[in-house]
Structures are given as C-alpha cells and as structure tokens.
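The values are calculated or read from the model by the stated rules, or taken from the named source; none is laboratory data. Predicted model only: the values in this text are computed from it and were never measured. Methodologically, a virtual Cβ is constructed for each residue, glycine included, from the backbone with ideal geometry; neighbour enumeration extends over all protein chains shown. Only protein heavy atoms, including side chains, enter the accessible area calculation; ligands, DNA and RNA are left aside. Shrake-Rupley method; radii C 1.70, N 1.55, O 1.52, S 1.80 Å.
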Amino acid sequence: MTNSDVQHLKQQIQDVLVESGKYDELSNFLRSKLYQVGWTDEINRMTQSIVTNEAKPTFSNVIERIEPKAMDIVPEHIKTEILAKIEEFLKDVVPKEYKST
Amino acid sequence: MTSTVKKTLEEAKFSPPVFDSCPHLKQILTSNAKDTVYRNYGLAVNVALALKLRNGNVPLYKTSDGSKVEYKKLLRLRNKAVRCRECLESLSCTYFCLQCSHVGCWKNGHALAHTKSTGHVFGIDSQTGYIYCFRCGDYVGDQRLELIRQSKQGERTEPVMDNLGTETIIDGSRPPSLKASTGLRGFINMGATCFMSSIVQTIVHNPFVRDYFLSGYHAKCPKKMDTCITCCIDEIFKVFYGTDETKGYGPTALLTAAWRVKNSLAGYSEQDAHEFWQFLLDEIHKSDTELHPELDDTSTCRCITHKTFAGQLQSTVTCEKCLHSKNTVDPMLDLSLEIAKISKNKVTLNDCLDLFTSKEKLDSMTICSHCKRETTRTKQLLVRKLPPILAFQLKRFEHSASSSTKIETHVGFPLFLDMEPYTVSDILDSNEKERTSWGLMTYQLFAIVIHIGSVNTGHYICIIKNRDGNWFKFDDSKITLVSQEYVSKSNAYLLYYILCQA
C-alpha cells in the first residue's frame, strides 16, 4: 500500500466510524469506564493542583503537563477492552484485500 | 441602594463569557475585520453545537419541506465540516479559523501551522464553540461573541431588570470571593433540626439547583420568606455563596416557614429526612410553576425539581402461560430500595438494585387478557428514563402497628454507579432510543445523608463531594474534610448520584 492509500483508508474508516454512530458509542463506553475506575476524578485533582499552584496557568501549559501522565495511568484492562472493541468494528468494515497487509 | 449598569435586555439574558479576553482578541474586534469575525463565529458555533443536547433532548432539524433530518445524516454533515483540511482528521480536537474558512487539527499541529502561515491566531473549538488564542496558548472570550454562542445553545439566565430594561445591581457589589464561591457553610442546630440541615446541604451543593437559584430564577417571587419555603432556600443560596462568613447559619426563617406550611413539622420531635426532602422538592416545584406557568403546560413538568430529579419507572406484568406482557410507565423522583438480605456478609447498593429490578411472582390468579386462560403473572420494575440526579432511599426504618425498628446493616455503595443493567433496554420509540444511546448511564456519587442512632432518637449528618473532588462532612455547624475511605465506610440512608457528562 502506498502512503496515499493508507491515508485514504484511514479517512474512510473514520467516516464510517462517525457516521454509523459507532464512534459516539465507543467514546461513551470509554468515558464510562474511565469514570468508574476513578481516572476522571484523578485527572480533575491533578489539574486543580496545577491550576492553583501556578501564577498564570494557560490551557497549553496545563495540557502539556497533564497529557503524558493522564495517558500513563489509564488502566491496562481498559486499554485492552477498548482495543478489542475497535478491532471487532474494523473486522466488519475493512475490505478483505487490505487485511493481509 | 442600587445603581444601574447599562446593558440591553438581550445582553442581560446571557451570562458573561467563561474566559477573559486577550489583547489579540481585543485588537481584532476593534478592527475592520470585526464583522467578518462575528459572522464566521456564528456559522462555526452552529456546526460545533449542532448535535449538543438541548434540555436533555436531541435537537430537531427540519428540511425546507418540513421533514425531519435523520440523525445519521446530521452526523455525516457535521463530520465533514469539522474535518482538518490538511490531514482529514475529524475524531480529535479541531479548530475553525475565526477569520477564514480553514479547519485545522490540534493533534498533528495543522491548526497551529495555519496560524503561523497566515497570522490568523484564533481557532474555534469544533466541540465546544469556545475560542482558542494560539498566541496566548489559552482559551479567550468576549461578551458579544459569548452572546452569539449562548443564543445558539439556548443557555439563558433570568436577568433582574427594572422597568427601563436595565439590569439592577446593588451599588458597590463585586463578584464573590473564591472562599464564598465554594458555598461551604454549616447550619446551627435549632433543636432536632439536623434532618432539615442535612437535606438542605444536599440541595445547596446540587449543581443544577444551585445554578437555578444563583441565576436568579426565584428572584421575582412576590412572596416573602415567612410563607414561601423557596424564598428561604433562595436566601440560603445568597448568603452561602455570596459572603465569606463561615460561622454556622441559623435556618430560623426556613424553620418557621416550614412549620407554617406543614404543621406536622412543628415542634421539636424528630423528623424523617426523606420526608422533608420530598416536602422541600414539592414546595420548590410549586413555586417554580407558579412563577413560570409555561413550565407545567405539557405532560412532563419542566420545573427545576422535575428537570433535575424526575425519571420514569416501567413496570412490566407478564403472563406466565403465554408470556404476553403489558407495560405501565410511572414517574419517579427517587428510588426507595429494600435492603437486600443475602447470606454473604457484605450487602451492596447493587444487590438492593438487583432485588428491586428482579422478577417477582404475583400471588393472585387472574384471567390473562391475551390468552384468556387462568394464570399467574410476574412483575418487573426497570428504570425507563434516567434523571440528571438519581436519588436513593435505603429503607432502614420499618414501621409496623406495634413497633418501629431500624436496620443497621452496612450497605456498600460505589462511588461511580453504572445504571445500564437496571434500565429498560428495548425502548421502541426510535426518538428515545437515539437519546439513550447518546448519553452515559454512569453516575457519580455526590452526596449521602446518614442517620446515626436508633429509631426514636438519632442524629443526621451528611457528606458531600465538592467540585474539586474533596469530600466534606457536614455535622450541623461543623464541617470537616474526610477521606474517600471514610465515605465508603459510612452507613448511608439517602444517596444522591449525578449523571456523568458525556
């Protein structure tokens, strides 16, 4: 596959994902899980502490400091679960000729 | 003494921008480009907020011939519009340029690159409609732009206006301090009034009810505190969120008004907190619909009580012979749960909910209206519509003719509750199906009321999670910070959960 093929495929997947409503479903699932394990709460606390301890907090420097940590503390089992759901979705939509590559 | 601040009626209906302005935004809004900016902003916000829920409903769009635009079609159109012009990314955050038709993404830096090559420094967040200044690295705002945003979203506050159409503000007023804005203040116990204080605390810290009162929706009430319970609550909001005072507040006005309105509350006997909660919500419903009759003109009341707490419960009765079932839907303000009696040593709220929603065999034999045979039936309760705030009562008090007893069993409760297993899954109405698949069904615990002691003599306290995620215990006028472990060990009587935002 050429680079532009990959780009094209990516865009098609993205369109089906959003337009079928599957994206909302997956993102709601992920949000629920992150709430349930207390991840959202923890990110809230981390953000609060940065904002209160900094003289002039801006969105860009808060996100710079939060993002790597936030990604780090997502529990492994949630990552596995959401990946499985994405894979299942891809199996249905990606045409066969791409699968071997 | 009051003085007037010059604001047009249109301006006064909307709250000030969430973010401060910046020199760059000020500059462009005083330049020749300002008209293009306002127009572009309106268009961009239309797309950004196109599918956001309005009053909990999916917005309805119609084509010029009056037919409904399918939700899937809306998803497709929006997806195209928010796509990054360079890499076609549309899933993560993208920004519409405030000055031209460019759309760029955050993830691959195309929005920032556009800023650098053109000098257009503002991006409109395609998910929220807020403006990001790439020079400042921060979100910024402006009164007139915010007005455009809010009018698209349908967010409104009730302005306090005089006859001339100007907003009235007390002379020398200032925004409340950070300390006051937390609303953390206790109540003095006026003689067995802790049932009242605990409930009022859960109301004071309920974000929906708080926004209602602080937006001035009750300000126009012609009644006074001596006859209007809601006026007393309005006053508590004013005092709690408007002043730095931390000494306990004496709820004298509320107590006298409550005695006057409901005689059974009079005297110093101990009252049930749950009964008071129901009474209070009913009073707020009454005064809201008196002030705004248009809220109660349809089958579902849109007053603050019902908008916040009302859900629907569906009861399904099934014939055991032909399996034909019949549904009835009833309104609910909270769920009263029996405490499950199970052999394992730890009972949880989920056990109580399992019990509540389990199929129950009805004793009597009847003739089935469908198969016409004499049969037994089963009945099952499930939640059909989830409210923004879900309230639970654990039935700890058992009253029989001869005696009253209290069940002291510790019922474990989750800090985050997934309600999906307890809701109706096969809602036939396609409109509602869209709605439920949209939002989350996860709730976050934000308040519990605890009864300590026996049936006849006891004390109420409550624990509330504030906006920073800290837990505070309110024991009359005393407030203490407590740990999450402390919360989980508590013997809850009433629990209040708030729906997590999608």
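If you take the charge dipole of chain B about its Cα centre, with +1 on Lys and Arg Cβ and -1 on Asp and Glu Cβ, which of B:333, B:46, B:153 is farthest toward its positive end?
B:46
Mind checking which aspartates and glutamates have their C-alpha under 15 Å from residue B:341, skipping anything on the same chain fewer than 8 residues away?
Cα-Cα hits under 15 Å: B:351, B:354, B:398, B:408.
In square angstrom, what is the accessible area per residue of the protein assembly as shown with a 1.4 angstrom probe?
On the way: 31860 Å² over 603 residues.
Ligands and nucleic acids excluded, the result is 53 Å² per residue.
Once you place label points 7 Å from the Cα toward the Cβ at residue B:118 and residue B:376, how far apart are they in nm?
Modelled inter-label distance: 7.3 nm.
Using 20 Å bins from zero, what percent of all Cα-Cα pairs in chain B falls into each bin?
In whole percents, the pair-distance histogram is 18, 47, 30, 5, 0.
Taking the Cα centre of chain B as origin and charging only Cβ (+1 Lys, Arg; -1 Asp, Glu), how large is the dipole, in debye to the nearest 20? Show your work: numbers first, answer last.
Values: 61 positive and 54 negative charges, 280 e Å.
Around 1340 debye, computed over chain B.
Rg and Dmax of the stretch B:234-286, using alpha carbons, in Å: what are they?
Calculated on Cα positions, Rg and Dmax stand at 12.7, 35 Å.
So what is the relative contact order for chain A, in percent, with contacts set as C-alpha pairs under 8 Å and at least six apart? Don't jump to the answer; show the numbers that get you there.
Details: 26 pairs, mean separation 36.5, N = 101.
The normalised contact order for chain A reaches 36 percent.
Starting from the amide H of residue B:418, placed 1.01 Å from N in the peptide plane, find each other amide H under 5 Å away whose residue is 5 or more places distant or on another chain.
B:443
Starting at the first residue of the stretch B:297-313, write each ³J(HN,Hα) from the Karplus equation 6.51 cos²θ - 1.76 cosθ + 1.60 with θ = phi - 60°, in whole Hz, x for Gly and Pro.
8, 10, 5, 9, 5, 10, 5, 5, 4, 6, 5, 8, 10, 7, x, 10, 10
Relative to 2.2 N^0.38 Å, what does the C-alpha radius of gyration of the protein assembly as shown come to as a ratio? Two decimals please.
Expressed relative to 2.2 N^0.38 Å, the Cα Rg reads 1.08.
Using only protein heavy atoms and a 1.4 Å probe, report how much of residue A:8 is accessible, in Å² to the nearest 10.
90
Applying a 10 Å radius around every beta-carbon, put B:332-341, B:461-470 in order of their mean neighbour count, most first.
So the peptides B:332-341, B:461-470, ranked by packing, come out B:461-470, B:332-341.
Rank these by accessible area, largest first, 1.4 Å probe: B:76, B:377. All intermediate terms of the calculation are to be shown ahead of the outcome.
Values: B:76 95, B:377 65 Å².
Greatest to least solvent exposure: B:76, B:377.
Which order do the peptides B:95-101, B:368-374 take when ranked by the mean count of other beta-carbon atoms within 10 Å per residue, highest first? Provide the component values of the computation, followed by the final result.
Working: B:95-101: 19.7, B:368-374: 12.6.
The packing order, highest mean first, is B:95-101, B:368-374.
Under 8 Å for C-alpha pairs, at least 6 residues apart: give me the relative contact order for the stretch B:310-499, rounded to a whole percent. Please list the in-between numbers first.
Working: 363 pairs, mean separation 40.1, N = 190.
About 21 percent, as a whole number.
Skipping prolines and chain starts, which residues have an amide H placed within reach, meaning under 5 Å, of the one on residue B:383, given they are 5 or more residues away or on another chain?
The answer is B:314, B:423, B:424.
Take peptide A:56-63, look around each residue's Cβ out to 10 angstrom, count Cβ atoms belonging to other protein chains, and average those counts.
Mean number of neighbouring Cβ atoms from other chains: 4.
Over chain B, what is the relative contact order in percent, taking alpha-carbon pairs closer than 8 angstrom and at least six residues apart? Write out the running numbers ahead of the final one.
On the way: 838 pairs, mean separation 62.0, N = 502.
Once divided by the residue count of chain B, the mean separation gives 12 percent.
For a 32 Å ceiling on Cα separation, which of these pairs sit above it: B:179/B:223; A:10/B:465; A:79/B:465; A:22/B:68? Before the final figure, lay out the partial values.
Values: B:179/B:223 30 Å; A:10/B:465 43 Å; A:79/B:465 28 Å; A:22/B:68 22 Å.
Check vs 32 Å cut-off fails for A:10/B:465.
Using only the alpha-carbon atoms of the stretch B:178-296, report the extent along each of the three principal axes, biggest first, to the nearest angstrom.
38, 35, 23
Between A:85, A:69, A:56, where does the largest GNM mean-square fluctuation fall for chain A, given springs only between Cα atoms within less than 10 Å?
Of A:85, A:69, A:56, the Gaussian network model singles out A:56 as fluctuating most.
Can you list the HN-Hα couplings for the stretch B:359-374, worked out from phi with the Karplus curve (6.51, -1.76, 1.60; θ = phi - 60°), rounded to whole Hz and with x for Gly and Pro?
Here the 3J(HN,Hα) series is 6, 10, 8, 7, 5, 6, 8, 9, 8, 6, 5, 8, 9, 6, 9, 6 Hz.
Taking H placed 1.01 Å from N in the peptide plane, check which residues at least 5 places from residue B:102 or on another chain put their amide H under 5 Å from its amide H.
The list, which skips near neighbours in sequence, is B:97.
Along its principal axes, what span do the Cα atoms of the stretch B:40-144 show, with the longest given first and each in whole Å?
Here the Cα extents, ordered largest to smallest, are 44, 33, 23 Å.
Where does each of A:13-19, A:57-63 land if you order them by average Cβ count within 10 Å, highest first? Don't skip to the end; give the middle numbers.
Values: A:13-19: 18.0, A:57-63: 15.0.
The densest-packed peptide leads the list: A:13-19, A:57-63.
What does the structure give for B:71-79 when I average, per residue, the other chain Cβ atoms found within 10 Å of the residue Cβ? Spell out each step's value before the answer.
Numbers: counts 1, 3, 1, 1, 7, 4, 1, 2, 6.
Mean shielding count: 3.
Return the Rg/Rh ratio of the stretch B:310-499 with Cα-based radii and a Kirkwood Rh. Please list the in-between numbers first.
Values: Rg = 19.4 Å, Rh = 18.8 Å.
When Rh is taken as the Kirkwood radius, the ratio is 1.03.
Roughly how much accessible area, to the nearest 100 Å², goes out of reach of solvent when B and A pair up, both sides summed, probe 1.4 Å?
Numbers: alone 26410 and 7990 Å², together 31860 Å².
It comes to approximately 2500 Å² buried between B and A.
Under 23 Å Cα to Cα from residue B:346, which lysines show up? Leave out anything in the same chain fewer than 8 places away.
B:359, B:395, B:406, B:489
How crowded by other chains is B:410-419, given as the mean number of beta carbons from other chains within 10 Å of each beta carbon?
Details: counts 0, 0, 0, 0, 1, 4, 9, 2, 4, 0.
The per-residue average across the peptide is 2.
Could you tell me the convex hull volume per residue, in Å³, taken over the Cα atoms of the stretch A:3-92? Present the calculation step by step, with values, prior to reporting the outcome.
Working: hull volume 11.9 nm³, N = 90.
Spread over its residues, the Cα hull of the stretch A:3-92 gives 132 Å³ apiece.
Can you give me the % of accessible surface on the protein assembly as shown that is carbon or sulfur? Probe 1.4 Å, all protein chains present, nothing else counted. Walk me through the numbers on the way to the answer.
Values: 16880 of 31860 Å².
Result for the protein assembly as shown: 53 percent of the exposed heavy-atom area is carbon or sulfur.
Give the lysines reachable from residue B:26 as a straight Cα distance under 22 Å; neighbours fewer than 8 places away on the same chain don't count.
Within the straight-line limit of under 22 Å, residue B:26 reaches these lysines: A:56, B:6, B:7, B:34, B:116.
Quick check for me: using +1 on Lys/Arg Cβ and -1 on Asp/Glu Cβ, what's the dipole size of the protein assembly as shown about its Cα centre, in debye to the nearest 20?
Values: 74 positive and 71 negative charges, 166 e Å.
Here the protein assembly as shown has a charge dipole of around 800 debye.
Residues of the stretch B:82-106 with accessible area at least 20 Å² lower in the all-protein-chain context than alone (1.4 Å probe)?
Buried-area filter returns B:83, B:87, B:88, B:89, B:91, B:106.
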